Amino acid sequence: MNRESSALALPVEDQERKWLRLALSGSAEAFERLITRHEDAVRAFFWSRTRDHELSEELTQEVFVRAFEGLERFDPDGQFEAWLYGIAHHLELQWRRQQKVQRKALENVAESNRIRKEQSARDSEQPVYQRVLGAIAACPANYHLPLTLRYVDQMTYEEIAALLNLSPGQVKGLLYRGKQMLKERLADLLDGLDESGEDLQ
């Protein structure tokens with residue numbers, strides 16, 4: 001009987017203990033087996049809290065990345081599943097804090113837009129703002145806030161990254177893809193939106 005068949009013949013808990021020992025010794029294959037066993041439960045944990053399949057998948061992957069990176073801190077006598085849920089709970093709290101920051105930012109943007117609209121009701125540039133906001137609203141939801149902060153509120157990549165808890169590179173990627181979506185509706189305004197052309201690099 002080969003090693004794999006021997007492992008599969010063990011009771012489930014003993015299999016996990018064996019895979020844990022191997023993973024703690026540096027076996028990536030053993031850790032993959034642990035992922036296979038627990039990923040559905042972790043994904044369900046996030047789905048029950050976010051109701052978002054794509055986000056649940058991303059958070060689940062992040063849990064196992066953090067687990068792998070911190071595996072040396074795991075107590076071999078502890079419960080691996082409970083340890084994973086501890087990581088998942090911490091990640092969920094981070095996500096909720098980020099959601100709170102984003103909601104506050106959206107409220108601030110909405111208030112800023114309301115004030116700007118009132119102040120520029122008779123301004124000849126008002127139709128431009130309406131076109132920009134309308135084009136942004138037509139993009140997927142996850143692009144609304146970065147595009148608004150950049151092209152309406154004129155914030156820098158670093159300011160947007162700090163506000164949304166993203167890296168400047170992630171912000172730049174979002175804005176690049178978002179700007180491509182705006183081309184069809186705002187072809188005659190794109191040069192004015194970002195004269196530096198940094199988003200196209």
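Here is how the numbers come out for the structure above:
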{"quantity": "Verdict on Gln98 being part of a helix (DSSP H, G or I), modelled with pLDDT of 80 or more and within 25 Å of the chain's Cα centre (by Cα)", "calculated": "yes"}
{"quantity": "Residue selected from the stretch 73-96 under the condition of a type in the set (D, E, K, R) and in contact (Cβ under 8 Å) with a residue 40 or more places away in the chain, by the criterion surrounded by the fewest Cβ atoms within 10 Å (Cβ to Cβ)", "calculated": "Glu81"}
{"quantity": "Complete set of residues in the stretch 143-164 that are exposed (fewer than 14 other Cβ atoms within 10 Å of the Cβ) and touching a helix residue (DSSP H, G or I) at 6+ places or on another chain (Cβ under 7 Å)", "calculated": "Glu158"}
{"quantity": "Val128 being part of a helix (DSSP H, G or I), at pLDDT below 80 and hydrophobic (A, V, I, L, M, F, W, C)", "calculated": "yes"}
{"quantity": "All positions within the stretch 45-54 that are assigned to a helix (DSSP H, G or I), of a type outside the set (Val, Ile, Thr) and surrounded by 12 or more Cβ atoms within 10 Å (Cβ to Cβ)", "calculated": "Phe45, Phe46, Trp47, Arg49"}
{"quantity": "So Asp123, is it outside any helix (DSSP H, G or I), modelled with pLDDT under 85 and either within 25 Å of Arg96 (Cβ to Cβ) or in contact with a Phe, Trp or Tyr (Cβ under 8 Å, 6 or more places away or on another chain) (or both)", "calculated": "no"}
{"quantity": "Condition check for Ala135: assigned to a helix (DSSP H, G or I) and at pLDDT 85 or above", "calculated": "no"}
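The values are calculated or read from the model by the stated rules, or taken from the named source; none is laboratory data. On a predicted model such as this, the values are computed, not experimentally measured, just so you know. Positions of Cβ are backbone-derived with ideal geometry, glycine not excepted, and every protein chain shown enters the neighbour counts.
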